[in-house]
Amino acid sequence: MPAPSNKDLHQPPNASPNLDTNGAPDGDLTPDPVVTLAITRDDFQAAAEPNAAPESFKKFPTNKALIEAVNNLFLETYESFTGKARIAGSGEAKHLVIHFHTAEARDLCVGSTHSEFPDLIFHAHDPRQLRSNEDLQAIQITDIPFFIKKDNLMAYFKKFGNITSCRLFSRPNAKVQQARIVYDHADSIAHFTDQWAVYCFSTCLRITPCFYTVDQKAAHRQYVATLTHLPPNVKDINLAPLTHNFGAKAVNVPLSLNSYKPKRWAYVTFNSQETMDAAMEQTISFQSHVLFWSSPDNTNKLCHRCGKLGCAPNFCPLKQARGRSRTRDPVAKLKEHFNVNQPRRSNSKS
């Protein structure tokens, strides 16, 4: 049987031998078609603040009533109105957003008065520009355990300035949360260019200004070392001396997925290779336990029971005779335990 050619070895499964990976015959030199009409999906937006229109708010006291009134009047008035009025934001930041297919209709609406709601004045609305401007006074907070709630974040971070919005969320299958906090002035986040983390409930919360570029955000996680052999139940704040003495920017002890207790190692973040190398040359002890520096690449080789490199959990001396059973969906169990994104229970009695 003849050996396969190099071409055969590199073909994807089920590929025809006479076709390239795009489905065109080998050697097909057909030029790309010349586009004569390029169609784009246009969306021109305008917005108004219902809280600044007391007469309209009195006439249409609910969001639903106001949206229906705007939809009905604007469908009659503007040919290119899409009929998709919606409320965005809440509280003082609440605004009514409307959509048009053409810029001409949007511009005609901007600044105009309408008999149904004479004090509801619309202005041009660009969500991309709005988000960009908002980023100048916003921070992203990561590594938030489920036991820290939105009210806790608001109470802690209001010391830095007036908060206009706070959004707390978690990604699918993540065992920690993230938050985006927006202040009313850029000065409120200025010191977070040097301060990378804060401590809330003994937990190290990592902070990144939202206006940072992708490279700047990546630099916040570029120089990381692990500190292993921690004794049980060490909290982030217990290792805070690393930030004072060795220039670490953040120290995070990961939590177990099943028990949500601290693991036996910590991730220590630095702002430069030199600072990290200098710290890793030092010998650290915690409550008479000598700790060991390692690379994050070795994390999957650490024993989750004792934190030692190369120790097998099933044969670890700390293994209990009766181990806890693992749940099929530990993240869902954690969210249920801490009441994160759970459906509200009905108060009605059967």
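General remarks:
- Residue tally, condition buried (at least 16 other Cβ atoms within 10 Å of the Cβ) and of a type outside the set (Asp, Glu), over segment 123-146: 10
- Some residue of segment 211-226 being over 14 Å from the mean Cα position of the chain (by Cα), at pLDDT below 95 and in a strand (DSSP E or B): yes
- Of residues in segment 69-98 being over 33 Å from the mean Cα position of the chain (by Cα) and acidic (Asp, Glu), the one modelled with the lowest pLDDT: GLU79
- Residue list for segment 167-185, filter: hydrophobic (A, V, I, L, M, F, W, C) and either more than 15 Å from the chain's Cα centre (by Cα) or surrounded by fewer than 18 Cβ atoms within 10 Å (Cβ to Cβ) (or both): PHE169, ALA174
- Residue within segment 250-270 that is at pLDDT 90 or above and part of a helix (DSSP H, G or I) present: no
- Among (1) modelled with pLDDT of 85 or more; (2) in contact with a strand residue (DSSP E or B) (Cβ under 8 Å, 6 or more places away or on another chain); (3) within 20 Å of PRO127 (Cβ to Cβ), the one test that GLU55 misses: (3)
- Residue in segment 93-103 that is over 30 Å from GLN178 (Cβ atoms) and of a type outside the set (A, V, I, L, M, F, W, C) present: yes
- Qualifying positions in segment 236-262 - buried (at least 16 other Cβ atoms within 10 Å of the Cβ) and either of a type outside the set (A, V, I, L, M, F, W, C) or under 13 Å from LEU205 (Cα atoms) (or both): ASP236, ASN238, ALA240, THR243, LYS249, ALA250, VAL251, ASN252, VAL253, PRO254, TYR260, PRO262
- Residue among LYS333, LYS301 that alone is at pLDDT below 90, of a type in the set (D, E, K, R) and within 26 Å of ALA219 (Cα to Cα): LYS301
- Residues (assigned to a strand (DSSP E or B) and surrounded by fewer than 16 Cβ atoms within 10 Å (Cβ to Cβ)) located in segment 61-87: ARG86, ILE87
- Scanning segment 46-65 for residues that are over 33 Å from the mean Cα position of the chain (by Cα) and touching a residue at least 60 places away in the same chain (Cβ under 8 Å) turns up ALA53, PRO54, GLU55, SER56.
- Taken together, ALA266, ALA279 contain a single residue that is in contact (Cβ under 8 Å) with a residue 12 or more places away in the chain, closer than 23 Å to ILE148 by Cβ and not assigned by TED's automatic domain parsing to the domain that holds ILE139, which is ALA266.
- Wholly enclosed strands (runs of 3 or more DSSP E) of segment 88-176 bearing at least 2 residues closer than 26 Å to ASP42 by Cβ: 95-100, 123-125
The values are calculated or read from the model by the stated rules, or taken from the named source; none is laboratory data. Remember, predicted model here, so these are calculated numbers, not experimental data. Counting neighbours? That spans all protein chains shown, and the Cβs are built from the backbone with ideal geometry, glycine included.
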